[in-house]
Amino acid sequence: MTSVAGVVSRITPGVAGIAVRGEVRENNPLVQDPLFRQFFNLRDQPIERETEAVGSGVIVDAAHGYVLTNSHVVENATNIEVTTKDNRRFKAKLIGRDPATDIAVLRVPADNLSAVPMGDSSHLQVGDFVLAVGNPFGLGQTVTSGIVSALGRSGLGIEGYEDFIQTDASINPGNSGGALVDLQGRLIGINTAILAPGGGNIGIGFAVPINMARDVMDQLIRNGTVKRGRIGVAIQDLTPDLARALGTTRTEGALIARVAPDSPAQRAGLHSSDLIVAINGVPIHSAAELRNRVGLAPVGGKMALTVDRGGAEHSVSVRIEGATAEHQRIDGR
């Protein structure tokens, strides 16, 4: 393939620019000085300040006008405007946002929209070619290319639930909420953040996998919020030392450190030192991956876990229950 022009022409009508106006309340810095406050008889009263921001969004449902973007793009928004590639502008309604995954869903009352078809991010491999489409620096629609540099990136402190696709396709301020697509034109991620120690792009960008974004979107459309699931375990990654102590030859998985009393995990017969290696037949590689899968699973449903216990595999069915702040404290999440 010497050109990706055909793919670009199909997907760019489904990528939009987003302009946001909002208000934030800030403490008056002058009031923080007690002498200044006493001299001018000032009260510690927050100041309201108007803000403006730009970002990107991806039309994923043309019939209903649903647009995926980042939660941080529309934070504190009082007015959201979506501009399509053909320069049509629409006032958007915020359906809901989930800061923990940095995903938000908008809806625009528009006809003749073009959607970007969703792919399956679980099939991605390091080395796959990808395209990033967005609205960097408010310049207008821009396309960059690169490869998938890494998968399953977590522990970056960017979001609460992290399972990032890392790419070297150029992602810059304003690209947030834009599309990461494969060479078949399928949406496989929502561009979210860059690692930029000097303030510019250095070839390390991160995108939320579309499988995670789709699960969040479905809940936001259905409920307006995301209900987190839990099974009642504290977990950690499997290290070589722990593997030797457990007598297993496995190198990956989520090790149960503690099972909460009267939890779904306890009722299902899970124990500390059990090593969870698959969910519904799909292998998992880390504690973060298990946490993401459980946290976004439908509350009330069941999940089939494959457990390595003393070197032997067991299948355990566990029910997902709704997580509360108290549950998260007990589970160490």
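Distant-in-sequence amide contacts of I103, defined by a placed amide H-H separation under 5 Å and a gap of 5 or more residues or a different chain, comprise S71, D98. Taken about its Cα centre, the chain carries a charge dipole of roughly 560 debye when the Cβ of each Lys and Arg holds +1 and the Cβ of each Asp and Glu holds -1. The calculated 222 nm mean residue ellipticity attributable to helices in the chain amounts to -4500 deg cm²/dmol, summing -39500 (n - 2.57) over DSSP H runs of n ≥ 4 and dividing by all residues.
Starting from the Kirkwood radius over alpha-carbon pairs of region 107-173, derive D by Stokes-Einstein at 25 °C in a medium of 0.890 mPa s and give it in µm² s⁻¹. D, rounded to a whole number, is 173 µm²/s. Derived from the Cα gyration tensor, the three semi-axes of the equivalent ellipsoid of the chain are 36, 28, 19 Å, largest first. Cross-link partners for K85 among the lysines, with Cα-Cα distance under 29 Å and sequence neighbours closer than 8 places in the same chain left out: K93.
No value in this document is a laboratory result; all are computed from the given coordinates. This structure is a prediction, so every number in the text was calculated from the model and none was measured. Virtual Cβ from ideal backbone geometry, glycine too; neighbours counted across all protein chains shown.
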